Structures are given as C-alpha cells and as structure tokens.
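What follows is calculated from the coordinates using simple rules that are stated; it is not laboratory data. Since the structure is predicted, the reported quantities are computational estimates derived from the model, not experimental observations. No Cβ is skipped: glycine too gets one built from the backbone with ideal geometry, and neighbour counts run over all protein chains shown.
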Amino acid sequence: MDSAPRTGPDSARTGQRGKPRKVPRVVVLGGGTVGLYAARRLRKRLGKREAAIVVVDPRPYMTYAPFLPEAAAGSIDPRNVVAPHRRAFKHVDVLQGKVTEIRHADRTVQITPAEGDSYWITYDHLVVGLGSVARTLPIPGLADEAIGFKNVEEAIAVRNHVLGRIDLAASTWDPDLRKKMLTFTFVGGGFAGVEALAEVEDMARAAVRYYGAIEQEELRFVLVEGSPRILPEVSEELGVYTLEQLRKRDIEIYLSTFLSSCVDGRVVLSDGTEFDSETIVWTAGVKANPVLQNSDLPLDKMGRVICLPTLQIADAEGNVVPDAYAAGDCAAVPDLYNPGNFCPPNAQHALREGNHLGDNLARVLSSAPVTEYKHRNVGAVASLGMYKGVAQMFGKIKVRGFPAWVLHRTYHVFAMPTVNRKIRIMAGWTGSLLLRREVVALGALQDPRAEFKAAAAPPKPKAGGAEGGNAATKRESSPEHAADTGGPDAAAVTSHGRADENPPGASSALTSAGSPASDPAGTGDPTKA
Ligand SMILES: Cc1cc2nc3c(=O)[nH]c(=O)nc-3n(C[C@H](O)[C@H](O)[C@H](O)COP(=O)(O)OP(=O)(O)OC[C@H]3O[C@@H](n4cnc5c(N)ncnc54)[C@H](O)[C@@H]3O)c2cc1C
C-alpha cells in the first residue's frame, strides 16, 4: 500500500484534501445501473456549480444485463444492450479505469487504467455502485473450461462459441468430437442461467435448420442446478411450469446436483453422471465486487457494503459513515417491505436505488433531510426464447408463454436507459421479425489479429537444398499426395472434391458420403464408410 497517495490527472482541478473545493466533488465508483442512474439524477437535481460529478469505470458503457440473453441469441444487437457513458452523461466527467483501492478516511480512491500507472483522486462524497462478479467454486477445470454470463463480452463470446461449435461439428467426421461439440452445459438455474440457456438453445435450434449435416436431435443442452428447483425468483408453480417447458424442448435438467469437475471438458456431476462438453457456461450466482475488500468501508459477512435504508453507508452498529453512499448488487440495503431481509440483487432495485441515491445526495448537498428507499417488488419476467416466456407480476398474476414473452420485452425496453437505445432495440426486433434473426458465428472476433499475424510471420526456412526443397513443397501441397497419405488432409481434400458436386453442409455431402453415421468405425475418413 502506498503511504502517500499521489493524486492523478485531475489533481489540478480538485485541490488536495484539507483545502475545501468551491464545488463539492462526488465520485461515483462504477458506471453500471446504480452509477448511471445516480449520477444522472444528481446532475438533474443540481447544476454544475452545485456539484462536480466523476464516474469511474473500466468500461466506457453501462450494460443492461437483463437483455444479455437476447443479445446472445442474436435478437438484439450487442451494441444496443449498452448505454455509452459519453452519450448518456451530460456535464459528468468519466474516468476509464478500475478502482483498486478505497481510502474513505482520506477521501481518496486509487484508479488503475488498462494502460499506464495507477493514480489517486480525491473527493468530498463517495457513491459505491461497483456491482457484483460471478460467484465461483474451486471446481477442477472450471477456471480453464467455463465462461461466465455477466457482461456483454461474455454473452457474445458464448454466442460465437456455440455457433462456432455447430459450424465445426458440421465439418467433423469424428463422432465423439462431434458429440462433445454439440453438448452445451449451463450451471445455475436462477434467472440469468435459465434465460441464457433457453435463449441460446432456441438460437442454436434456429441455426441448425441451415445445416443439412446436423440433426436437431444431435444438439444436447444440459442444465445443472444445485437446489431442488429452478427460478427461485418466481413462485414454485411457475418454476415447475418452466421446468416442464424446458424438458419438452429436450433440455436435460439435473436438480439437486452439483458440478464436481470439468477438466478438459469432461463434465462430472455429483450424481455420477459424466459426459463431454466443449461449452460450459457458469451462471451459479453472484457475489459483491471483491475490490471492496480493499477498502476501509464497513462490509457484512457476504462482502457487501452495509447500508441504511437511506442508502448511506453505516457501520455494524448503524452509525452513518459520513459522505458515503452505496446501492445495487454490492450493497446490503434493508428491504423495508420484507423486514429482516435485504433488497435482492436485481436491476429492478438497482435502478430505483440509483435514482433514490441521486435524490438523497442532492438533498444532503442542499442541506435537506434524506429519505428512506422503499420499493415493493413488481415481479419478475423472463424470456425463454422467441415467443416463449414466463412472468409473475405483483406476486399474484402469473403469465405464461407468448403473453409473458411480450411482457418481458415491453417491461425491459422501457427500463432500458436512453431513448436512443429503446428505439434501436425496437427497430432491431422489427427487422428480425421480418427477416429472421442472424445466426452467423463471428468467432474470429475473439482473436482478430491471428490471420494477420500468420500472414506477417517470416517464412520458415526450407529444409534441404533449393531443388529438393521445392520438390518436397510441391509434393506436400498437391491434393493427390494429401489424399495418398490418408491423414486429416485426406478428409479435407476428399470433402472439397465432393463439395463441387454437393455443397458443403448439404446432407448428401455428409450423410451419404461421410457422416459419422456412415463412418461407424470412426476412422475419420468418409471414403472408408
Ligand atoms: C445475464 C443476467 C440477466 C439478468 N436479468 C435480470 C432481470 O431480468 N431482471 C433484473 O431485475 N435483474 C437482472 N439481472 C441483474 C441485474 O442486471 C443486476 O442486479 C444489476 O445490473 C446490478 O446493478 P449494479 O449497478 O449494482 O451493478 P452493475 O450494473 O453490474 O454495475 C457495476 C459497474 O461497476 C463496474 N466495475 C466493476 N468493477 C469495477 C472497478 N474495480 N472499478 C470501477 N468500476 C468497476 C462495472 O464495469 C459495471 O459498470 C441480470 C443479470 C445478469 C448477469
């Protein structure tokens, strides 16, 4: 820990602690749901001469996570599930970087940008909206094999990966490999997990219609849930309904079961079930942002910042920590409608808490009394793929199927920040209804420089003399020679040769001449079927 924090690029504007600023400075940690709404509300209430606002986030945008499953399914353009800070904020400064330490006693935070040195900034009032991260367990293979579903980058990676597996499987003759590629495992049956699984499965089935070489029955989707039910956010009846709907779609669901291991994609469950899967998506809950451990703010046992219903940070005895506020997934905010409980970590609360926090801070800065945050849950809506959904409104009203799906879209498009994004999302939905959604895999996005690097790499020195070397090169690259060798190239050359007569992916290309079904020995060579 540095003993003397150095102030950063803005120190000239801020002055050092001890010298009061003319305009109080509010630093908002995290530009997600809480950060965006709190900063905007505060700016709406107070002018530039009444408060300076700085938002710190490593990402230049706020992500509306309830739309991530639809973004993964291709129903919404990924760019439209985010609200860019520079457009969403007016008269609010944005610093791009990670908060790495909070010293509230000194009213300073350390910021570490993606490039360059860490620096410190000072503030008069702090707003903590750092959200949550995936709650993982020390399961063998998990860190290497699995992917989360918490942000837009992960959602798009899952989409590209799933579509990429389908593409590869359609050109693979090895039946075991093909099975592994077409097995998709989701761990965690809460809202995020069920929506992600249902949307991605729906997309995969829509995509497979374009592949003559893959049958719908070959797609295997598996959901693993540790508790005896899915969707704890809705009533048991709707949870059971959703379970039945997913099972009707041939999705395998393991309840009261845990993932024990997934080393090299070999999934082992606590009930002894084993199978291979190249796709493992981890959606088994969240925990408060761990950077809070690197602060002097009071935290509860779960690592959340302790809050009063006014969204002021307080110590364990309930004494207000001056000049500090928190809300959202990273905060333990008492739920006044459910005494003894805390507000659940969801967008419904985060968004309203953000607005309330902005109002309260404006009150403090105007010497007015703060008020308590109180919100009765309006319910939960989930999309389970195109035209399918489940919803529970105001605790009692249960909606299923198409009406629930419409409700989901209507509710979330209104909750999506900025008019710009609402319009873009609705325009995208209209386009998809008319033209069908796009199911192309852009997997190379994950490593866009690979092809260029290969092209720019210096040529390997040729083995042997000039004449001999050339001859060898010529022979290696000749299709006849490749076919002679009977190696993997043989399959490629053979299938390419056939592709002239049968387009790649046409069922005749694989089924009659070389599908795994016609290659029971698994030789990898379709000509030996
Ligand atoms: C797939 C999925 C589906 C969901 N569906 C629903 C739903 O249907 N309904 C619902 O109500 N809720 C849903 N949620 C939950 C909801 O999105 C969250 O509860 C809500 O976004 C929490 O808001 P927040 O502001 O606390 O955190 P976030 O919105 O996550 O914001 C946290 C911000 O902090 C930033 N940050 C992180 N680390 C640092 C750091 N070190 N320094 C600076 N900034 C940092 C992040 O980049 C982010 O911008 C869903 C969540 C997921 C993942």
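Here are the numbers:
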item	result
Gap separating the Cα centres of the range 188-259 and the range 96-164, nearest whole Å	28 Å
Efficiency of FRET between Lys90 and Phe394 - r from beta-carbon atoms, R0 60 angstrom, step 0.05	0.95
Chain lengthening between Val378 and Val440 when straightened (0.36 nm per residue, less Cα-Cα)	18.7 nm
Net lengthening on full extension, Lys287/Ile423 (0.36 nm per residue, minus Cα-Cα)	45.7 nm
Extension gain from Glu50 to Phe402, taking 0.36 nm per residue of separation minus the Cα-Cα distance	121.9 nm
Straight-distance crosslink candidates among aspartates and glutamates, where the alpha carbon sits under 20 Å from Lys462 and sequence neighbours closer than 8 are dropped	Glu476
Computed E for Lys460/Glu115 - FRET, C-beta separation, R0 35 angstrom, nearest 0.05	0.55
Amide N proximity, the range 371-407 versus Asn338 label position 7 Å along Cα-to-Cβ, cut-off under 15 Å	374-381, 392-396
Cβ-Cβ FRET estimate between Thr100 and Glu274, R0 fixed at 41 Å, reported to 0.05	0.50
Ala143 versus Arg247: modelled label distance in nm, points set 7 Å from Cα along the beta carbon direction	3.7 nm
